[in-house]
Amino acid sequence: MSQIIMLDGQNLTIDDIEKVAKFGFKIEIKPDALEKVKKGRQRIFDLVDSDIPVYGFNTGVGWNKDKKVFKDFFNKYNTNLIYSHSLGVEPFCSREEGRAILLTRLNTFLVGCTGVAVEIVEIYKKLLNLDIIPLIPKRGSVGEADITNLSHIGLVLIGEGEVYYNNEIRNSKEVFDEISLEMINLGPKDGLAIVSSNALAAGIGALVLKDIERLLDLADVIYCLSLEGLNGNTSPLDIDLYKTRNYIGQKISLKNVTNLLKNSSIYNADWKKPVQDPLCFRGSVQVNGAVRDAFRYCLELFNIQLNSSEDNPCLLLDENKLLSCSNYESISWVLGFENLGVALSHLSKNSCYRTIKLSNPEFTELPRFLSPKDNVLGYATIQKVFTSLDTEIRHLSNPATADFYSLAGDIEDHANNTPYVVDKLKKIVDNLYYILGIEAMHAVQAIDLRTDCILGSGSKKAYEKIRERVPFYDEDRPIYKDIRTMYDLVKSEKFIHEILNTN
């Protein structure tokens, strides 16, 4: 596999972002994309002597849009812009998140609508390839461009910020001097180019979407184990049912589930089974499929964000225009993230109810709390844990895009709180790894208590991997260790990959 990602401003994906952010892939820029940046920069210099006021170029920004910026003061003004916008509040982004943020902004530079200095484009690339990652605060942005946070990248470029480097946090000037990397002398429009984008939310959002992509398959796997642990009905898995509905997400989950359950004894006729299972079992393919549909919708819009201009003002090279606009407006894709949060809250609730049912003898005809003997308490108190995590998810799934103030002299009267929306979704996903891991613990315990259960070819693989890490609950023990073990296991990409590639 190539260890280099080629950037051109048009084809960046969440897979690419994960490879660079987490696995250290290097960056190269296609020559024609860099040429577009050079032409855009020249156009900016052509406009330097113009008397036409252009927002953020030869005028101030925000409420100060009426202030003139003269060409002799471009460096001072753009430096002051970085200073005055460096307002982020801790905690700081992780090193991986910082890499994702740099990459997403670098790619939108290459669309060619920024007019940024080529040296800034080049230094973003160098920072990534040398793994010198700015310390960027997570909080303080209202989401109409993450100006209060991305300005901290600007501080790094002029030698006044902090960076992750060689597993240390250091002053950027010290690091630059150490490796002979030149600091940036800011020119016209450079300050605004650095601060005015949604790269904070988009970079972190890309990594969250990659986690959700894996979570979708995980949810199908855990459902199969629980269905076998319940000895549930398979009539809801009849493929002809899904021809009458034609939802794409449901069909994908159904295919996963039927492949995982292939050769399972759960398909054997059993007149002792209830005619119908609870909805949390009967409708899991529908719920999981709905999350897939929400994910597909969100990803389609998010890919536009990754590969389009988010600049104000926007430079239109072919039309010879530099226009004030709202290209930084993130409402289209952030609504997709909000929708995903709601969809995942349904998946979470379904998982919790399945876990509760697996501990109830009225549904399983197994011992209460899946205890193997009378003097073992089993999975009794653990219900408080996963339901408390689900309560957090329910609150985190509430919308945040509609809650904003009118700011900057009532000029900036719309916002989305985009980084907060992304952060909420990230927390939802993290909670779900715990919830699904706890459900899996119950499912394999129920399977063991049945003794006569023949697992499907895929679900058997999942069962074996879980039992390699978490033994049968035969005596009471501190369960928090099992919870953490399951969290780490189900979160690993290897776990899902090996199970889904069984058949």
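The values are calculated or read from the model by the stated rules, or taken from the named source; none is laboratory data. Since the model is a prediction, treat every value here as computed from it, not as a measurement. As a convention, Cβ positions derive from the backbone with ideal geometry for all residues, glycine included, and neighbour counts pool all protein chains shown. Heads up: the accessible areas ignore ligands, DNA and RNA and are worked out on the full protein's heavy atoms, side chains in. Shrake-Rupley method; radii C 1.70, N 1.55, O 1.52, S 1.80 Å.
For the reader, a short list of remarks on this structure follows.
- Exactly one residue out of I252, I184 is of a type in the set (V, I, T) and either within 30 Å of the chain's Cα centre (by Cα) or modelled with pLDDT of 95 or more (or both), and it is I252.
- Residue check for A269: open to solvent by 30 Å² or more (accessible area, probe 1.4 Å), small (G, A, S) and farther than 20 Å from G456 by Cα: no
Residue-wise test of (1) open to solvent by 30 Å² or more (accessible area, probe 1.4 Å); (2) without any contact (Cβ under 8 Å) to a residue 40 or more places away in the chain; (3) more than 15 Å from A100 (Cα to Cα); (4) of a type in the set (K, R).
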site	(1), (2), (3), (4)
D131	yes, no, no, no
P134	no, yes, no, no
R139	yes, no, yes, yes
Y164	yes, no, no, no
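- Scanning the stretch 272-285 for residues that are closer than 19 Å to R450 by Cα, open to solvent by less than 90 Å² (accessible area, probe 1.4 Å) and either of a type in the set (A, V, I, L, M) or outside any helix (DSSP H, G or I) (or both) turns up K273, P274, D277.
- Pairing each residue of the stretch 381-397 that is closer than 15 Å to Y353 by Cβ and free of Cβ contacts under 8 Å to residues at least 40 places away in the same chain with any residue that is open to solvent by less than 30 Å² (accessible area, probe 1.4 Å) and assigned to a helix (DSSP H, G or I), provided the two are 6+ apart or on different chains, yields C-beta distances under 7 Å for T387/C352.
- Residue count for the stretch 211-241, restricted to those that are open to solvent by less than 20 Å² (accessible area, probe 1.4 Å) and closer than 30 Å to R105 by Cα: 3
- Residues being open to solvent by 10 Å² or more (accessible area, probe 1.4 Å), of a type outside the set (G, A, S), assigned to a loop (DSSP other than H, G, I, E, B) and within 23 Å of L181 (Cα to Cα) - total across the stretch 81-129: 0
- Residue that is nearest to D146 (Cα to Cα) [pool: residues in the stretch 400-423 that are open to solvent by less than 10 Å² (accessible area, probe 1.4 Å) and part of a helix (DSSP H, G or I)]: T418
- Any hit, the stretch 308-331, residues being within 22 Å of the chain's Cα centre (by Cα), part of a helix (DSSP H, G or I) and more than 30 Å from F45 (Cα to Cα): yes
- When residues of the stretch 341-365 are limited to those that are among the small types (G, A, S) and touching a residue at least 60 places away in the same chain (Cβ under 8 Å), the one most open to solvent (accessible area, probe 1.4 Å): S345
- Yes/no for D452 being modelled with pLDDT under 95 and of a type outside the set (A, V, I, L, M): yes
- Checking L150, L207 one by one, the residue that is in contact (Cβ under 8 Å) with a residue 40 or more places away in the chain, open to solvent by less than 10 Å² (accessible area, probe 1.4 Å) and within 21 Å of K424 (Cβ to Cβ) is L150 and no other.
- Meets criteria (open to solvent by less than 40 Å² (accessible area, probe 1.4 Å), in contact with a Cys (Cβ under 9 Å, 6 or more places away or on another chain) and under 30 Å from N339 (Cβ atoms)) for I435: yes
- Out of N233, N256, N288, N303, one residue alone is assigned to a helix (DSSP H, G or I), in contact (Cβ under 8 Å) with a residue 40 or more places away in the chain and out of contact with any Gly (no Cβ under 9 Å at 6 or more places or on another chain). It is N303.
- Given (1) closer than 17 Å to G456 by Cβ; (2) surrounded by fewer than 19 Cβ atoms within 10 Å (Cβ to Cβ), number of the condition T244 does not satisfy: (1)
- Hey, R292 closer than 30 Å to A199 by Cα, buried (at least 16 other Cβ atoms within 10 Å of the Cβ) and of a type in the set (K, R) or not: yes
Residues checked against (1) out of contact with any helix residue (DSSP H, G or I) (no Cβ under 9 Å at 6 or more places or on another chain); (2) assigned to a helix (DSSP H, G or I); (3) under 15 Å from Y434 (Cβ atoms):
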position	(1), (2), (3)
S459	no, yes, no
A462	no, yes, no
D474	yes, no, no
K481	yes, yes, yes
L489	no, yes, yes
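- Residue in the stretch 71-79 that is modelled with pLDDT of 60 or more, within 30 Å of D16 (Cα to Cα) and hydroxyl-bearing (S, T, Y) present: no
- Exactly one residue out of V429, V342, V421 is farther than 25 Å from L227 by Cα and under 28 Å from the mean Cα position of the chain (by Cα): that is V421.
The rows are residues; the columns are (1) among the basic types (K, R); (2) open to solvent by 70 Å² or more (accessible area, probe 1.4 Å); (3) more than 27 Å from S265 (Cβ to Cβ).
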{"residue": "T451", "(1), (2), (3)": "no, yes, no"}
{"residue": "G458", "(1), (2), (3)": "no, no, no"}
{"residue": "Y473", "(1), (2), (3)": "no, no, no"}
{"residue": "P478", "(1), (2), (3)": "no, yes, yes"}
{"residue": "R484", "(1), (2), (3)": "yes, yes, yes"}
{"residue": "S492", "(1), (2), (3)": "no, no, yes"}
{"residue": "F495", "(1), (2), (3)": "no, no, no"}
{"residue": "L500", "(1), (2), (3)": "no, no, no"}
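- With respect to the conditions (1) under 22 Å from L323 (Cα atoms); (2) part of a helix (DSSP H, G or I); (3) not aliphatic (A, V, I, L, M), K173 falls short on a single one, namely (1).
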